[in-house]
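Please read the structure below before turning to the comments.
Every number here is computed from the coordinates shown, using simple stated rules; none is lab data. From a predicted model like this one, the values you see are computed outputs, not experimental measurements.
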Amino acid sequence: MIYLFLFSSLCVLLFSVASPLLRREGFLGGSFPYFSRLLHGLLYCFNSQLHPERSLRNNAESESNAQLFRPEGTLVMFRPIFHLAFPVRDLEEAKKFYVTTFDARVGRVREKWLDIFLFEGQITLHERPSEVLSLGKHGVRHFGAILAWHDWEALANRLDEMRVKFKVKPNVSFVDTDAEQAKMVLFDPSGNVIEVKAYRNLSVALEMEDDNF
């Protein structure tokens, strides 16, 4: 074991001294990307042997950065998290609605705002009654999510059992066509509009502009 330690130490020292020269001469990166990756990989392995505490710390930081908050507490590789913020008339009232209605999880809580995690996005609710719009002034403003069909049906049934008041009751339109969709629309206590949809043929709903060329 002592020989491995000494060998690792020597390799780390040699790589540390040689890296600037190799980089300057073009052997690290540039025209030799695979050679560069190999050398850096070896350096990382040897450095892990020499400084295990650094390796553990780096692994912990990487694991922390790789976490994506999910209700079930699973870990996945990090990807962008959608964020939205809007005003509500009362924080406790809004928190109760989103937790009860959508099983939202509560994040940071401050005096005049709080985060909830809903549909894998982070929503910040700000207690600003003066900025809350009346129902007739929302126009087309709304937010929501597209769910898997069976998840949409389960949510619709649960909300119906809770006797939630809908703006648009759960319904299915364009039946037996590629555009068949399920939709429901409801308000939170401050009048913010939430639309939840599902599509039989998801590729139709997620068509991109470039797909038409």
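DSSP assigns beta bridges within the stretch 70-132; of those with both partners inside it, close to 60 percent run antiparallel. Rounded to whole numbers, the Karplus 3J(HN,Hα) couplings from phi for the stretch 99-115 are 5, 6, 7, 10, 6, 5, 9, 8, x, 5, 10, 10, 4, 10, 7, 7, 9 Hz, using 6.51 cos²θ - 1.76 cosθ + 1.60 with θ = phi - 60°, and x at Gly and Pro. Shown here are the Rg and Dmax of the Cα trace of the stretch 126-176, at 14.6, 46 Å.
Taken over the stretch 79-119, the convex hull of the Cα atoms encloses 77 Å³ per residue. Entry note, the stretch 158-213: relative contact order of 26 percent, from Cα contacts under 8 Å with a spacing of 6+ residues.
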